[in-house]
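Student: Have a look at this one before I ask anything.
The values are calculated or read from the model by the stated rules, or taken from the named source; none is laboratory data. What you see is a predicted model, and the numbers here were worked out from it, not measured in a lab. FYI the Cβ positions are ideal-geometry reconstructions off the backbone, even for glycines, and counts take in every protein chain you see.
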Amino acid sequence: MTGSLQSAPGPFFGEFGGRFVPEALMAALDELTDAYDKARIDPAFTGELERLARDYTGRPSIVTEVPRFAAHAGGARVFLKREDLNHTGSHKINNVLGQALLTKRLGKSRVIAETGAGQHGVATATAAALMDLECVIYMGEEDTERQSLNVARMRLLGAEVIPVATGTRTLRDAINEAFRDWVANVDTTNYVFGTAAGPHPFPAMVRDFQRVISVEAREQMLALGGLPDAVLACVGGGSNAIGSFDAFLDDASVRLIGCEAAGDGVETGRHAATLTGGRPGILHGSLSYILQDADGQTQPSHSISAGLDYPGVGPEHTWLSSIGRAEYWPVTDAEAMEAFRLLTRTEGILPAIESAHALAGAIRLGKELGPGATLLVTLSGRGDKDVEQAARWFDMLPEEDA
Amino acid sequence: MSALTDRLDACKAEGRAALVGYLPVGYPDVETSIAAMRVLVEAGCDVVEVGPPYSDPVLDGPVIQHAAAVALERGVTVDDAFVAVRAVAEAGAVPVVMSYANLMLQRGWDRFAADLRAAGGAGVITPDLTPDAAPEWVDAARAAEVDTIFLVAPSTTRERMRLTCDATRGFVYATPLMGVTGERAALGDAAERVVREAREAGAERVCIGVGVSTGEQAAEVAGFADGVIVGTAFVRALGDEGDLERLRAKVAELAAGVRSAA
């Protein structure tokens, strides 16, 4: 080890990352980078962010041991980092509050954001309401259909939700449309990017805002008796995972495992497991792994989870994979839904379908390591938004009884 | 000097701006798109921008997005773009390619430049690649003697204007409006300002793109720029049914526009 792997500053992580965007956005990204570099060492900014984390989000989030669930995971001890208990119901609020505060410092009055499952959109709409910012959310039309409750939540919060009907009508198209809006309105508008991907400074900045997950969890685990043998988190773009990994990066004994959405199975081609089934390419402003054809056209991804249904992945994950510091496992829809059912039935905790992918990874790893192993799983969000979809999966909707 | 700068200079010697026409290859199908590019040349385009469609065109508006989606659905490939480049060269205009970065990266920066050169192409416009982001591309293009055409915008800072104009060969692609490709009712003073700033930063040739759709606008822009770039209006004229005569009329209107500037 020549140095710490934590808090890598970008713009490049190994050979991945960078900033591949239209010239029209370069000045805004430079301005954002500058503002963030100043804010991160300004006690007025960090103090306000800490205050909001404590008094608004409800941090620190607790760690819950789940022994009845763990009995199905080879008898390993399993602890959940409860980001589902945050205000708005997921880890997304950690990042959004930071970027909304930055928007105010930039003197801008309007925020835009993309959303997949709607969690980042809801968090952004929430911060916009709190800080009196105009808010426009881009959401793939297919996602507005499978996550209609979150669409209503965003509208109740005062945001305008624009369904994106182009391309695959999912997260990736929502990001394209948000970039187009930003190019046209960059004078007044800040793009509150939801995941640890995109052009610099987003991968490093979003990671920093999510880092609180692993900083808290590491202390909590030490207080409970020691570092875990592994940390598991689901990976779409990868913001909760990178936030869950960062403070553990220098703990060589801790395995870091990102659980990607394998959809119907990587071998079927209908999946979103980018690090398992992709190769290097440029998408949405950075060089990372993407799902693409031989020419470089992005391939449609598939996952039961709208939040993981993305054919790219944050560049720092690609780097951590390339140097062998983190592992990335594919988890199918069926495995994730079984883990969803199991946690709900054994512990009375309804996870987001996204987070259920990490739970499925824990079941697999627990069976591999057996009793004596300690696993920390980030429960990135709660499953309220997924009730209808899960009920349909398990044939529990009343009209389907007959 | 290159085929591209020679052509722009020849237009200037005629006392007019060049007309640069864009079409995506494969829309509405490969054969018709290549026929349409020949129409561009016959009806008065000096330079033709061949666009290999890309799945995630973040700098394009709805008309070009739609065309790209149609072309991809029908199976267009990047190879088809080089076939189109050759056809444009044979028809007598200077072909350039406008490509998003990932298509170039997947082919390989060197191979993309070499294949373009072999097909008779003169340069590449890179909407999502700035010179500081891709020194490998600049090196590959220089080695193959392919022009690197970079964009500048109203938001471009003085420092970036210099960096971009320094790295540019052929012409600087100035976008007078903030926003994606498409038609605009008015271009405003920003167009002149961006051209002036690019010239102050050392650009010898500046063409204006994004927003020009009528002969009148072309005449206005031709008054202060070296070339007028038209895409959306041509794609719309061609349409899903591939109407070559409607396209020919639109090109003729713009070609008259660049020749009528004061």
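For (1) surrounded by fewer than 23 Cβ atoms within 10 Å (Cβ to Cβ); (2) over 18 Å from A:Ser288 (Cα atoms); (3) touching a residue at least 12 places away in the same chain (Cβ under 8 Å); (4) in the same structural domain as A:Gly98 (by TED's automatic domain parsing), each residue gets a yes or a no:
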{"residue": "A:Trp182", "(1), (2), (3), (4)": "yes, yes, yes, yes"}
{"residue": "A:Thr188", "(1), (2), (3), (4)": "yes, yes, yes, yes"}
{"residue": "A:Met205", "(1), (2), (3), (4)": "no, no, yes, no"}
{"residue": "A:Ser214", "(1), (2), (3), (4)": "no, yes, yes, no"}
{"residue": "A:Met221", "(1), (2), (3), (4)": "yes, yes, yes, no"}
{"residue": "A:Leu224", "(1), (2), (3), (4)": "yes, yes, yes, no"}
{"residue": "A:Ala233", "(1), (2), (3), (4)": "no, yes, yes, no"}
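Student: Give the residues of the stretch B:98-126 that are within 14 Å of another protein chain (Cβ to nearest Cβ) and either in a helix (DSSP H, G or I) or in contact with a helix residue (DSSP H, G or I) (Cβ under 7 Å, 6 or more places away or on another chain) (or both), sorted by residue number. Walk me through it before giving the result.
Tutor: In the first step, residues of the stretch B:98-126 are kept if they are within 14 Å of another protein chain (Cβ to nearest Cβ); the result is B:98-109, B:111-112, B:115, B:125-126.
Across the stretch B:98-126, the qualifying residues are B:Ala101, B:Asn102, B:Leu103, B:Met104, B:Leu105, B:Gln106, B:Arg107, B:Trp109, B:Arg111, B:Phe112, B:Asp115, B:Thr126.
Student: Under the condition of being within 14 Å of chain B (Cβ to nearest Cβ) and touching a residue at least 40 places away in the same chain (Cβ under 8 Å), which residue from the stretch A:251-282 is surrounded by the most Cβ atoms within 10 Å (Cβ to Cβ)?
Tutor: Among them, the one singled out is A:Ile282.
Student: Determine if the stretch B:85-96 includes at least one residue that is within 28 Å of B:Ala10 (Cα to Cα) and within 14 Å of chain A (Cβ to nearest Cβ). Lay out the reasoning, then the answer.
Tutor: Going residue by residue through the stretch B:85-96, those that are within 28 Å of B:Ala10 (Cα to Cα) are B:85-96.
Next, only the ones that are within 14 Å of chain A (Cβ to nearest Cβ) stay: none.
The answer is no; no qualifying residue exists.
Student: Right, another one. Condition test on B:Leu116, is it under 16 Å from A:Gly296 (Cβ atoms) and surrounded by fewer than 22 Cβ atoms within 10 Å (Cβ to Cβ)? Outline the logic, then answer.
Tutor: Working: under 16 Å from A:Gly296 (Cβ atoms): yes; surrounded by fewer than 22 Cβ atoms within 10 Å (Cβ to Cβ): no.
Considered against the rule, which asks whether it is under 16 Å from A:Gly296 (Cβ atoms) and surrounded by fewer than 22 Cβ atoms within 10 Å (Cβ to Cβ), B:Leu116 comes out as no.
Student: Does the stretch B:35-64 hold any residues that are without any contact (Cβ under 8 Å) to a residue 60 or more places away in the chain and surrounded by fewer than 22 Cβ atoms within 10 Å (Cβ to Cβ), and which are they?
Tutor: Passing the criteria: only B:Arg38.
Student: Pick out the one residue from A:Gly74, A:Gly121, A:Gly98, A:Gly58 that is without any contact (Cβ under 8 Å) to a residue 40 or more places away in the chain and among the small types (Gly, Ala, Ser).
Tutor: Numbers: A:Gly74 fails: without any contact (Cβ under 8 Å) to a residue 40 or more places away in the chain; A:Gly121 fails: without any contact (Cβ under 8 Å) to a residue 40 or more places away in the chain; A:Gly98 fails: without any contact (Cβ under 8 Å) to a residue 40 or more places away in the chain.
That would be A:Gly58, the only listed residue that is without any contact (Cβ under 8 Å) to a residue 40 or more places away in the chain and among the small types (Gly, Ala, Ser).
Student: Right, another one. Being within 14 Å of chain A (Cβ to nearest Cβ), of a type in the set (A, V, I, L, M, F, W, C) and out of contact with any strand residue (DSSP E or B) (no Cβ under 8 Å at 6 or more places or on another chain) narrows it down to one residue among B:Ala237, B:Ala201; which is it? Before the answer, list the steps.
Tutor: Values: B:Ala237 fails: within 14 Å of chain A (Cβ to nearest Cβ).
After applying the criteria, what remains is B:Ala201.
Student: Of the conditions (1) closer than 25 Å to A:Thr64 by Cβ; (2) surrounded by fewer than 20 Cβ atoms within 10 Å (Cβ to Cβ); (3) touching an Asp or Glu at 6+ places or on another chain (Cβ under 9 Å), A:Leu397 fails just one. Which one is it?
Tutor: (1)
Student: Would you list the helices (runs of 4 or more DSSP H) that sit entirely within the stretch B:1-84 and hold 3 or more residues that are closer than 17 Å to B:Asp226 by Cβ? Explain how you work it out, then say what you get.
Tutor: Details: elements: B:3-13, B:30-42, B:62-73.
Because the criterion is at least 3 residues that are closer than 17 Å to B:Asp226 by Cβ, the helices (runs of 4 or more DSSP H) in the stretch B:1-84 that meet it are B:3-13.
Student: Give the stretch A:17-47 a look and list any residue that's under 23 Å from the mean Cα position of the chain (by Cα), among the charged types (D, E, K, R) and more than 14 Å from every other protein chain (Cβ to nearest Cβ), or say none.
Tutor: The answer is A:Asp37, A:Arg40.
Student: Something else: Can you pull out every residue in the stretch B:196-223 that is surrounded by fewer than 17 Cβ atoms within 10 Å (Cβ to Cβ), at pLDDT below 95 and assigned to a loop (DSSP other than H, G, I, E, B)?
Tutor: Across the stretch B:196-223, the qualifying residues are B:Thr214, B:Gly223.
Student: Right, another one. So, in the stretch A:181-239, of the ones that are under 17 Å from the mean Cα position of the chain (by Cα), among the small types (Gly, Ala, Ser) and within 14 Å of chain B (Cβ to nearest Cβ), which residue ends up farthest from A:Leu80 (Cα to Cα)?
Tutor: A:Gly198
Student: A further question on this structure: Given the conditions (1) within 14 Å of another protein chain (Cβ to nearest Cβ); (2) touching a Leu at 6+ places or on another chain (Cβ under 9 Å); (3) not in a helix (DSSP H, G or I), and given that A:Cys135 satisfies all but one, which numbered condition is not satisfied?
Tutor: Checking A:Cys135 against (1) within 14 Å of another protein chain (Cβ to nearest Cβ); (2) touching a Leu at 6+ places or on another chain (Cβ under 9 Å); (3) not in a helix (DSSP H, G or I), the one that fails is (1).
Student: Still on this structure, I have one more. Could you tell me whether A:Ser321 is more than 10 Å from every other protein chain (Cβ to nearest Cβ), under 20 Å from the mean Cα position of the chain (by Cα) and at pLDDT below 95?
Tutor: Values: more than 10 Å from every other protein chain (Cβ to nearest Cβ): yes; under 20 Å from the mean Cα position of the chain (by Cα): yes; at pLDDT below 95: no.
No.
Student: Go through the stretch A:164-180 and give me each residue that's within 16 Å of the chain's Cα centre (by Cα) and among the hydrophobic types (A, V, I, L, M, F, W, C). Don't jump to the end; show me each part of the working.
Tutor: To start, the set of residues in the stretch A:164-180 that are within 16 Å of the chain's Cα centre (by Cα) comprises A:170-172, A:174-175.
Within the stretch A:164-180, A:Leu171, A:Ala174, A:Ile175 qualify.
Student: Note down all Cβ pairs under 8 Å where the first residue falls in the stretch B:225-244 and is among the basic types (Lys, Arg), the second is surrounded by fewer than 24 Cβ atoms within 10 Å (Cβ to Cβ), and they're at least six residues apart or on different chains.
Tutor: Here the result reads B:Arg236/B:Val63; B:Arg236/B:Glu183, each pair linking the stretch B:225-244 to a residue that is surrounded by fewer than 24 Cβ atoms within 10 Å (Cβ to Cβ).
Student: Just to verify a result, which residue in the stretch A:181-217, among those that are of a type in the set (D, E, K, R) and at pLDDT 95 or above, is farthest from A:Ala123 (Cα to Cα)? Write out each step before concluding.
Tutor: Within the stretch A:181-217, the subset of a type in the set (D, E, K, R) is A:181, A:187, A:207-208, A:211, A:216.
After this cut, where a residue has to be at pLDDT 95 or above as well, the list is A:207-208, A:211, A:216.
On the way: A:Arg207: 16, A:Asp208: 17, A:Arg211: 17, A:Glu216: 21 Å.
Ranking the qualifying residues of the stretch A:181-217, first place goes to A:Glu216.
Student: Let me ask something else about it. Take the residues in the stretch B:65-74 that are farther than 14 Å from B:Val235 by Cβ and in contact (Cβ under 8 Å) with a residue 40 or more places away in the chain, then tell me which one is farthest from the other protein chains (Cβ to nearest Cβ).
Tutor: Step one: filter the stretch B:65-74 for residues farther than 14 Å from B:Val235 by Cβ, giving B:72-74.
Filter once more, keeping what is in contact (Cβ under 8 Å) with a residue 40 or more places away in the chain: B:72, B:74.
On the way: B:Leu72: 6, B:Arg74: 13 Å.
Across the stretch B:65-74, the extreme among qualifying residues is B:Arg74.
Student: Only one residue in A:Ala117, A:Ala123 is of a type in the set (A, V, I, L, M), modelled with pLDDT under 95 and under 13 Å from the mean Cα position of the chain (by Cα), so which one is that?
Tutor: On the way: A:Ala123 fails: modelled with pLDDT under 95.
After ruling out the rest, the residue left standing is A:Ala117.
Student: Report the residue count in the stretch A:147-183 for those that are under 30 Å from A:Pro280 (Cβ atoms) and part of a helix (DSSP H, G or I).
Tutor: 13
Student: Moving on to the next point. Looking at the stretch A:79-123, which of its residues are closer than 16 Å to A:Ala178 by Cβ, part of a strand (DSSP E or B) and of a type in the set (Gly, Ala, Ser)?
Tutor: Here is the first cut: in the stretch A:79-123, the residues closer than 16 Å to A:Ala178 by Cβ are A:92, A:95-96, A:99-100, A:103, A:108, A:110-123.
Now restrict to residues that are part of a strand (DSSP E or B): A:110-115.
Hit for the stretch A:79-123 is A:Ala113, nothing else.
Student: Moving on. So how many residues does the stretch B:134-171 have that are aromatic (Phe, Trp, Tyr) and either surrounded by fewer than 24 Cβ atoms within 10 Å (Cβ to Cβ) or not in a loop (DSSP other than H, G, I, E, B) (or both)?
Tutor: Taking the stretch B:134-171 first, the residues aromatic (Phe, Trp, Tyr) are B:137, B:150, B:171.
Among the residues that remain, those that are also either surrounded by fewer than 24 Cβ atoms within 10 Å (Cβ to Cβ) or not in a loop (DSSP other than H, G, I, E, B) (or both) are: B:137.
Of the residues in that region, 1 qualify.
Student: While we're on this one: Among the residues that make up the stretch A:115-136, is at least one of them closer than 23 Å to B:Asp60 by Cβ and surrounded by fewer than 24 Cβ atoms within 10 Å (Cβ to Cβ)? Don't jump to the end; show me each part of the working.
Tutor: Applying the first criterion (closer than 23 Å to B:Asp60 by Cβ) to the stretch A:115-136 yields A:115-116, A:136.
Next, from what is left, pick out any that are surrounded by fewer than 24 Cβ atoms within 10 Å (Cβ to Cβ): A:136.
Scanning the stretch A:115-136 turns up at least one residue that is closer than 23 Å to B:Asp60 by Cβ and surrounded by fewer than 24 Cβ atoms within 10 Å (Cβ to Cβ).
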